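Below is one structure; the comments refer to it alone.
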Amino acid sequence: MISEIDRINSIVNELLIISKPHETSFRKNNIGMILRSVVTLLEAQAALNNIQFHVEMKDNIPLIESSEIEIKQVFVNILKNAIEAMQNGGIIRIKAVVQKDNLLIRFIDQGSGINESVIPRLGEPFFTTKDNGTGLGLMMCYKIINDHKGWIHINSVVNKGTTIDVILPYHE
């Protein structure tokens with residue numbers, strides 16, 4: 001009963017965060033450092049599921065005007081989803097690539113994949129492909145990245161895995 005109350009509390013908190021307008025403090029952040037800290041945070045959970053993270057990132061990642069807390073939340077959500085999708089273990093590849101005016105952070109898992117017909121619905125409130133999901137996690141990710149003037153692109157093949165691209169603009 002306590003775990004269900006905690007789950008309800010978590011859902012309500014997510015709804016409040018989404019629905020309540022709030023002032024986000026943006027400052028120049030090193031997205032590479034944020035990404036590495038999230039990977040470090042989730043390595044134990046990944047190891048318990050026989051999953052390894054492979055991070056490919058150059059040192060020239062530009063500072064990006066962003067909210068560190070919100071960007072961490074996006075990375076945590078994407079990586080937790082990847083871990084949950086990989087029941088047989090494997091490797092989650094994370095690549096950060098500097099493009100002309102954008103930073104591309106690509107997450108590639110070897111999980112169960114998502115049916116192509118479902119992908120357009122991802123991010124809708126309360127739409128989920130998980131038995132115990134709320135459909136709010138990806139919705140929050142889309143909102144946060146949109147608030148950062150970026151976008152998310154999802155590509156997936158059933159039984160092969162999913163690739164999620166998070167694209168954040170930057171200006172020198």
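Below, the figures for the structure above:
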item	result
Filter result for SER117 (part of a loop (DSSP other than H, G, I, E, B) and either touching a residue at least 24 places away in the same chain (Cβ under 8 Å) or surrounded by 18 or more Cβ atoms within 10 Å (Cβ to Cβ) (or both))	no
Among the residues listed as LYS149, LYS143, LYS130, the single one being charged (D, E, K, R), surrounded by 14 or more Cβ atoms within 10 Å (Cβ to Cβ) and either touching a residue at least 24 places away in the same chain (Cβ under 8 Å) or more than 19 Å from LEU79 (Cα to Cα) (or both)	LYS143
Positions within the range 148-172 being of a type in the set (Gly, Ala, Ser) and either more than 21 Å from VAL98 (Cα to Cα) or assigned to a helix (DSSP H, G or I) (or both), in sequence order	SER156, GLY161
The range 88-107, subset aliphatic (A, V, I, L, M) and touching a His at 6+ places or on another chain (Cβ under 9 Å), residue farthest from GLU65 (Cα to Cα)	ILE91
In the range 35-59, the residues that are among the polar types (S, T, N, Q) and touching a Gly at 6+ places or on another chain (Cβ under 9 Å)	ASN49, ASN50, GLN52
Some residue of the range 76-89 being among the hydrophobic types (A, V, I, L, M, F, W, C), farther than 21 Å from LEU168 by Cβ and outside any helix (DSSP H, G or I)	yes
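To keep it simple, each residue is scored yes or no on (1) assigned to a helix (DSSP H, G or I); (2) among the small types (Gly, Ala, Ser); (3) under 15 Å from LYS160 (Cβ atoms).
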{"position": "ILE91", "(1), (2), (3)": "no, no, yes"}
{"position": "LYS95", "(1), (2), (3)": "no, no, no"}
{"position": "PHE126", "(1), (2), (3)": "no, no, no"}
{"position": "CYS141", "(1), (2), (3)": "yes, no, no"}
{"position": "ASN146", "(1), (2), (3)": "yes, no, no"}
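Only the coordinates and a few stated rules stand behind these numbers; no lab work does. Remember, it's a predicted structure, so these values are computed and weren't measured experimentally. Neighbour counts run over all protein chains shown; Cβ positions are idealised from the backbone, glycine included.
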